[in-house]
Amino acid sequence: MRVAIIGQGYVGLTIAVGAAGTGHEVIGFDVNDQLVSALNAGTSHIEGITDSALSPLIGSGAYKASTDASVIDGCDVIVIAVPTPLDEARNPDLSFVSAAADLIAKNVKSTKLIINESTSYPGTLRHEIAAHITLSGVAHFYASSPERVDPGNAEWNVKNTPRLIGGLSPEAVSKAKEFYATFCDTIIEVSSPEVAEAAKIFENTFRQVNIALVNEFAQIADALGISGREVLNAAATKPYGFMEFNPGPGVGGHCIPVDPSYLAHVANEVGVPATFIKRANEVNLAMPAYVVKRVVAGSGGTIKGKKVVVVGVSYKSNVADTRETPAAGVIDLLRTQGAIVTWHDDLVGSWRGETSAPIQGADMAVLVTKHDGLDLAALKGCGYVFDCTGTIAGADGI
Ligand SMILES: NC(=O)c1ccc[n+]([C@@H]2O[C@H](COP(=O)([O-])OP(=O)(O)OC[C@H]3O[C@@H](n4cnc5c(N)ncnc54)[C@H](O)[C@@H]3O)[C@@H](O)[C@H]2O)c1
């Protein structure tokens, strides 16, 4: 099939490479000129796709990136994989989805299969995408298949992660199944796009709420003078009815801190209070302040004038993604306490107008995210280490 994928970020490029690798002819459309040039030169910007995986697909013509919207009309399948962030008031920002729908309405003149993989609240495919594109006068097949990719996860990938599909018609579902069956092992059909959309945001709400629960518990355990992690590890020995979640400095990335607010938004519209989501957001967003409070307490009551290095500023191990990272709050709050703060993260390199600094030379370190290959000797060389990851034996931390 000829496939156009709108948005070549973490999700779009991953799907593009998955589809191109199984014989589809894929156009990766993106509005970012520099990104498109880099992709066409064989340079991937995400950890899960190596340059050596991308280059042969470009060489064989199976994959090409483009900023030319007119090429989309030559495709059979159009996949939308654009950002769905929150606005300043932490409400859903569907402007990128609307722009993608608009682009299809303006450029596509014959019937296609249109699939939305972007995460959003139930009703997005029907009311925000299909209703808008239909105004162009062209009828299409519409399906929703929310992406579940977990960047950096070595075990679960596009191929072996079960894929949900819900469509606006049986024909749309059957065409979407035919497409995904070429590069996904397991496809689960649900009765409507709304079920697929809601399942995706519920999955991430489940994680957000449980992470908040262990984050709150870690604070209770510390105040009780026991190790929260030891308690959680002990609880995890129960072979049924318990699922392990770990405390940390907060939540980051484009999913866990964001998607639950999409569910809260629609809950509010139908008059049902989403109390767990609200409370979980409060707990997780307050974790950087808790980390800094503990760092100050662990350093004798003040960090004024101390050189502090924050180690690992992306939101999770072995990825360079800094979206919504709790490291930002930790750094800002350490600075308000008068510390001289640098950060170290070789994967991120530069961020917020600053560049990664060496660990050596700092008076103390706060380990927010631990990437493979971290120089543990340098970390331990800092007088005091506060560990948010639970991986440095003997260190103070959560
Ligand atoms: N990152 C993840 O781990 C992950 C996992 C599952 C689902 N999702 C969801 O997938 C969607 C995409 O997320 P992402 O992480 O890939 O985002 P991203 O920011 O990595 O990539 C999005 C890309 O879309 C491009 N873009 C924006 N507007 C466009 C437009 N109108 N036309 C063409 N391209 C446009 C951007 O330039 C960018 O390259 C979101 O809804 C997200 O919630 C993300």
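The values are calculated or read from the model by the stated rules, or taken from the named source; none is laboratory data. Fair warning: this is a prediction, and the values are worked out from it, not measured in the lab. Using ideal geometry, Cβ is built from the backbone for each residue, glycine included, and neighbour counts are taken over all protein chains shown. In case anyone asks, the SASA skips ligands and DNA or RNA and just uses the protein heavy atoms, side chains included. Shrake-Rupley method; radii C 1.70, N 1.55, O 1.52, S 1.80 Å.
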Item checked: Evaluation of I188 against (1) open to solvent by 30 Å² or more (accessible area, probe 1.4 Å); (2) in a loop (DSSP other than H, G, I, E, B); (3) of a type in the set (A, V, I, L, M, F, W, C) (one fails), failing number -> (2)
Check: Regarding A41, is this residue open to solvent by less than 20 Å² (accessible area, probe 1.4 Å), aliphatic (A, V, I, L, M) and either within 24 Å of I129 (Cβ to Cβ) or at pLDDT 95 or above (or both)?
Finding: no
Check: Looking only at region 227-241, which residues are of a type in the set (A, V, I, L, M, F, W, C) and either surrounded by fewer than 11 Cβ atoms within 10 Å (Cβ to Cβ) or within 16 Å of the ligand (Cβ to nearest atom) (or both)?
Finding: A234
Next item on the list: Could you please find all residues in region 175-214 being among the basic types (K, R), over 15 Å from S261 (Cβ atoms) and in contact (Cβ under 8 Å) with a residue 40 or more places away in the chain?
Entry: K175
Next item on the list: Determine, yes or no, whether V36 is among the hydrophobic types (A, V, I, L, M, F, W, C), open to solvent by less than 20 Å² (accessible area, probe 1.4 Å) and either at pLDDT 95 or above or in contact with a Lys or Arg (Cβ under 8 Å, 6 or more places away or on another chain) (or both).
Entry: yes
Next item on the list: Please determine, by comparing only the residues of region 1-37 that are small (G, A, S) and in contact with a Ser or Thr (Cβ under 8 Å, 6 or more places away or on another chain), which one is farthest from V348 (Cα to Cα).
Entry: G23
Margin query: Tell me whether region 294-304 contains one or more residues that are open to solvent by less than 50 Å² (accessible area, probe 1.4 Å) and touching a Ser or Thr at 6+ places or on another chain (Cβ under 7 Å).
Written below: yes
Check: Among the residues of region 242-280, how many are outside any loop (DSSP other than H, G, I, E, B), open to solvent by less than 40 Å² (accessible area, probe 1.4 Å) and of a type in the set (F, W, Y)?
Finding: 1
Check: Hey, any hits in region 210-224 for a residue that's open to solvent by less than 50 Å² (accessible area, probe 1.4 Å), at pLDDT 95 or above, within 16 Å of the ligand (Cβ to nearest atom) and touching a Phe, Trp or Tyr at 6+ places or on another chain (Cβ under 9 Å)?
Finding: yes
Checklist line | Condition broken by I331, with the remaining ones in (1) open to solvent by 20 Å² or more (accessible area, probe 1.4 Å); (2) under 19 Å from A362 (Cβ atoms) satisfied | finding: (1)
Checklist line | Count - residues of region 55-89 that are farther than 17 Å from I114 by Cα, hydroxyl-bearing (S, T, Y), open to solvent by 20 Å² or more (accessible area, probe 1.4 Å) and touching a residue at least 12 places away in the same chain (Cβ under 8 Å) | finding: 2
Margin query: Can you tell me how many residues within region 90-122 are surrounded by fewer than 16 Cβ atoms within 10 Å (Cβ to Cβ) and within 27 Å of L285 (Cβ to Cβ)?
Written below: 3
Margin query: I'm trying to understand the selection: among the residues of region 123-137, which are crowded, with 23+ Cβ neighbours inside 10 Å and either touching a residue at least 40 places away in the same chain (Cβ under 8 Å) or near the ligand (Cβ under 10 Å from one of its atoms) (or both)?
Written below: T124, L125, I129
Next item on the list: Mind listing just one residue for me: the one in region 215-246 that is touching a Lys or Arg at 6+ places or on another chain (Cβ under 9 Å) and among the aliphatic types (A, V, I, L, M) and, of those, nearest to V258 (Cα to Cα)?
Entry: A218
Margin query: Based on this model, can you work out whether G390 counts as at pLDDT 95 or above and on the phi > 0 side of the Ramachandran plot?
Written below: yes
Checklist line | Residue among V330, V341 that alone is of a type in the set (V, I, T) and within 25 Å of the chain's Cα centre (by Cα) | finding: V330
Check: When residues of region 17-52 are filtered for being more than 11 Å from the ligand (Cβ to nearest atom) and within 19 Å of the chain's Cα centre (by Cα), how many remain?
Finding: 5
Next item on the list: Report, by residue number, each residue of region 1-16 that is open to solvent by less than 10 Å² (accessible area, probe 1.4 Å), of a type in the set (V, I, T) and within 6 Å of the ligand (Cβ to nearest atom).
Entry: I6
